[in-house]
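Inspection log for the structure reproduced underneath, given as structure tokens.
The values are calculated or read from the model by the stated rules, or taken from the named source; none is laboratory data. Keep in mind that what you see is a predicted model, and the values were worked out from it rather than measured. Neighbour counts are summed over all protein chains in view; Cβ atoms, including those assigned to glycine, are modelled from backbone coordinates with ideal geometry. The protein model used for the area step is the full one, side chains on, heavy atoms only, and it has no ligands, DNA or RNA in it. Shrake-Rupley method; radii C 1.70, N 1.55, O 1.52, S 1.80 Å.
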Amino acid sequence: MRQQIVAGNWKMNGTIPETENLIKQLLAGDSKNERATVLVCPPFISLQAAAKALEGSHIKLGGQDMSEHEKGAYTGEISASMLLTVGASHVILGHSERRQYHAESDDLVNRKAKAALAAGLTPIICVGESLEQREAGQTEDVVGRQMRGCLNGLGPDDLKKIVVAYEPVWAIGTGKTATPEQAQEVHAFIRDLVKDIDTSAGEDLPILYGGSVKPNNAKELMAQPDIDGSLVGGASLKADDFIAIINAC
Ligand code: PEP
């Protein structure tokens, strides 16, 4: 059985007290699911307070991005080891908002993934097509190119330590969700692509779906054979909604 993961991407939302409060609500609620790893990714500034609030709990902590470099003169950047020291186990890489607003390329995501793996962090590598690309029938070309670029040079041992998130750009924060069938089709394509590199790494690869996941669509999406959980944006900011999605897994 593949690892199931439900991860909350809190993006640039919440002050430190708001982060602490949201964690308090998650821990007071029914946020434990024996079948799934639960992860929250608050803004960098809140990570330390979040780690303290999560101490001894079942909820893991992740960063929303990191530098490809170990340390040095990179103003505004955060390194993998900084994330590790604050208690993070995962890091989201190549989110479409990083690609769109910060011009992140597959090459850069690839270098970041290598840096995360070298430090012992689990990268959650995001891929996904735009609406124009989907409508032009280019979904597999685009996702295939992103996957090959982001995974370039990773061997079977590395591939066993990564997580992939399929997030169609047209479904992120728009209220439009891929149908379970549309999502399943791309997830199966991603799995096959990794299986072509290493069969068992592909079989075991957790592939999360992200894009307007809500309590009312989570169950159907996560019931698909190649969907192993979800990366949740907006709905992860409301404790009740996030808990409902965790329990749908
Ligand atoms: C995301 O940003 O990763 C995401 C999936 O956002 P939302 O759930 O709000 O569409």
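Radius of gyration over Kirkwood radius for the range 84-124, both on Cα atoms: the Rg/Rh ratio is 1.01.
Determine, at each q value in 0.18, 0.21, 0.27, 0.28 (inverse angstroms), the log₁₀ of I(q)/I(0) that the Debye formula gives when each Cα of the range 95-170 is one equal point scatterer. Scattering profile of the range 95-170, log10 relative to I(0): -0.70, -0.91, -1.33, -1.39. Taking all Cα pairs closer than 8 Å and separated by 6 or more residues, the relative contact order of the chain comes to 22 percent. Along the axis of the charge dipole computed for the chain (Cβ charges of +1 for Lys and Arg, -1 for Asp and Glu, origin at the Cα centre), the listed residues A244, Q4, Y209 are led at the positive end by A244. Between K176 and R35, the contour length at 0.36 nm per residue exceeds the Cα-Cα span by 48.1 nm. Each of T75, A183, V169 was scored by the projection of its Cα onto the charge dipole of the chain, and the greatest displacement toward the positive side belongs to T75; charges sit on the C-beta of Lys, Arg, Asp and Glu. Note that the range 117-249 shows a convex hull volume over its alpha carbon atoms of 105 Å³ per residue. Take the Cα of S89, step 7 Å toward its Cβ, do the same at D204, and the gap between the two points is 1.6 nm.
What's the center-to-center distance, using Cα atoms, between the range 115-147 and the range 48-76 in Å? Value for the Cα centre distance between the two parts: 22 Å.
Each residue of the range 155-167 is assigned a 3J(HN,Hα), and the resulting list reads x, x, 5, 5, 4, 7, 10, 10, 10, 10, 10, 8, 10 Hz, derived from the Karplus form 6.51 cos²θ - 1.76 cosθ + 1.60 (θ = phi - 60°), x at Gly and Pro.
About the centre of its Cα atoms, the range 46-186 shows a dipole size close to 480 debye [charges on the beta carbon of Lys, Arg (+1) and Asp, Glu (-1) only; nearest 20 debye]. Expressed as a fraction of 2.2 N^0.38 Å, the value expected for a compact globular protein of N residues, the C-alpha radius of gyration of the range 13-138 is 1.16. For the range 22-70, the Kirkwood radius over C-alpha pairs fed into Stokes-Einstein at 10 °C and 1.306 mPa s yields D = 134 µm² per second. Rolling a 1.4 Å probe over the heavy atoms of the protein chains gives the range 1-131 an accessible area of 49 Å² per residue. Relative contact order for the range 101-249: 21 percent, from Cα pairs under 8 Å spaced at least 6 residues apart, divided by residue count.
Work out the FRET efficiency for A136 and K24 from their Cβ-Cβ distance, taking R0 = 51 Å, and round it to the nearest 0.05. Calculated transfer efficiency: 0.65. Within the accessible area of the chain, the carbon and sulfur atoms contribute 49%, probe 1.4 Å, all protein chains present. Between V40 and G8, K60, L61, G62, the built amide H atoms are under 5 Å apart, and every one of these is 5 or more places off in sequence or on another chain. Rounded to the nearest 500, the helix-only mean residue ellipticity at 222 nm of the chain stands at -12500 deg cm²/dmol, with each DSSP H run of n ≥ 4 adding -39,500 (n - 2.57).
Its Cα gyration tensor gives the range 56-122 an equivalent ellipsoid, and the semi-axes of that ellipsoid, as √(5λ) in whole Å with the largest first, are 20, 14, 11. Note on exposure: S57, S96 ranked by accessible area (1.4 Å probe, complete protein assembly) read S57, S96, with the most exposed listed first. Computed on protein heavy atoms with a 1.4 Å probe, the accessible areas place D204, D241, D226 in the order D204, D241, D226, largest first.
Taking the Cα centre of the chain as reference, the dipole from Cβ charges on Lys and Arg (+1) and Asp and Glu (-1) amounts to some 580 debye. Just need log10 I(q)/I(0) for the chain at q = 0.10, 0.11, 0.16 Å⁻¹, Debye formula, equal scatterers on the alpha-carbon atoms, no solvent, rounded to two decimals. Debye intensities relative to I(0), on a log10 scale: -0.43, -0.52, -1.18. Shown here for the range 11-51: trypsin sites (Lys or Arg not before Pro) in loop regions (DSSP other than H, G, I, E, B) with at most 13 other Cβ atoms within 10 Å, namely R35.
Taking only the alpha carbons of the range 182-249, we obtain Rg and Dmax values of 12.9, 40 Å in that order.
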